[in-house]
Amino acid sequence: MKLETKVGLFFTGAIALVAVMIFRTEKFEIGGKRNQSERFTIFDQVAGLNLQGAVRIAGVKVGEVRTITLENGKAHVVISISNDVPVYSDATVSLGSIGILGEKFIDLNAGHSAKGLLPADSPLPSKAGVSLDNLMETLADIGKNVKGVTQALNESIGGEQGRQKLDEIVDNIRGLTAEFRSMAQENHGAINNTMANVEAISSDLRDKLPKLAQQFESVGKNLNAILEENRPELKGIMGDVRKLSQSFQGTADNLKTLTDRINRGEGTIGKLMNDESTIKKINEAVDNVNGMLGGFNKMDFRLDMGAAQWDKRNDSRVGLGLDIIPSPDYWYSLGFASTPDGKLSESTRTVTQLDPITGKPVVTLEKNKFVTTDQSFTVSAQFAKRLGPAVFSAGIVEGKGGGGLEFRTMDQDRLRFGVLAYDFTKREDKPNPRYRFTSSYQFWKGAYVQAGVQDIGNKDLRTIFFGGGLRWKDDDLKKMIGLAGASK
């Protein structure tokens, strides 16, 4: 067995061992949870909440936490809920804990059936629950305030100096009341005079009020006389007001005539507002625009740029991939790559050797096989369908027909391993189809490392490769494609 085969088998066994360990530690379930559906919600903070934490209704577990990510400074939480539990439009979620120091869980209030079911793509409204951290912070603030008050009182009245201050305050109050008493006794006469003046003023008003009433009556008579003298001018003003009201009446009649014509469908505006076919066309146009923009808003675009060194061919492969994702369970993949494609070649030469028995020269034909590398630009276009952790793909793979199977696990599909088969034509330089085993691990944000084996079925072309790359979601590309579609 050659060294390349041993290295390939060792690497495949190591990948399989790592996959088994991940299956056991991640509680991985093949096929997914068929009796559960996913929902998501937004929290300001989820301190203490862990992945696979419970989702409870009235204390009964009905689901678990799938993912917790940070979006726009808030916690984006995806939960799974049993399909047997209906979720209505007035449903709410909040954070709860079992006891004071117990584990955190999501408390779900499913709502009322009269409100109707909540759509699957709508977020669950969240409420801020009572947090033990907030309670402790409040108690700490109260403790600081109480400590400050007691410290101030202790500094103010504590000890012998404080007792002397209290005695001084009592003495000052006693002296102040004595001064008020003496002041009242000294000004007793002035107070009596003030009361006498108030009585005098009230008696004067009693005498003068009838005179004031007579004066107001004479003023009223004078006003009546002025009105009688200017009655013709007032009649002219009232006539002008009447003409103005008649003008307003004519304007109102004209407006009524105009609205009647519009209601009967006369004129351009009337046809526009009363012709059902025109309104239907406008509504259809608006619906088409909304549908197109809504479809682009729901669609995601992900880019994958990577490179790998092919060991046996001493060359590298550089590629760029684009995933167009209209739905989480299926998408379209486009790939462009510069690949060191291996080809098996054969050379012959004539060799003259001496026969060890006869000692005469013998001419023999020697054949040698060797692998050549042809750096070529290839294009791939595949359709991918996801069923739980498994992703099936089929289409054009590097310019040839093919397909593959890939398993994705861990949070945000960070660990991936799969097999790709393509180019099923048989040739002398490639007797068997091409099989590629690939594995990758995303260790930080979108950065990942990869390794695998190429041309497993062709012994002479077989080689291992290793490298890395970067995956990311591109919202700007989605906006540009959406605007291009809208401009048409």
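The table below lists the values:
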quantity: Highest average packing first - 457-464, 469-476, Cβ atoms within 10 Å; calculated: 457-464, 469-476
quantity: For region 50-61, Karplus couplings with θ = phi - 60° (6.51, -1.76, 1.60), whole Hz, Gly/Pro x; calculated: 10, 4, 6, x, 6, 10, 10, 10, 6, x, 9, 6
quantity: Loop-located GluC sites (Glu not before Pro) in region 358-430, at most 14 other Cβ atoms within 10 Å (DSSP); calculated: E428
quantity: Kirkwood Rh and Cα Rg combined as Rg/Rh, region 134-186; calculated: 1.37
quantity: Spacing of the two label points (7 Å from each Cα toward its C-beta) at T69 and A152, in nm; calculated: 5.2 nm
quantity: Spherically averaged projected area in nm², based on the convex hull that wraps the Cα atoms of region 35-130; calculated: 6.0 nm²
quantity: Ranking of I42, I81 by count of other Cβ atoms within 10 Å, fewest first; calculated: I42, I81
quantity: Under Karplus coefficients 6.51, -1.76 and 1.60, residue-wise ³J(HN,Hα) of region 84-93 in Hz, glycine/proline x; calculated: 6, 9, x, 10, 9, 5, 9, 6, 9, 10
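Coordinate-derived values only; no laboratory data. Quantities reported herein were computed from a predicted structural model and do not represent experimental measurements. Note that each Cβ is placed from the backbone with ideal geometry, even for glycine, and that neighbours are counted across all protein chains shown.
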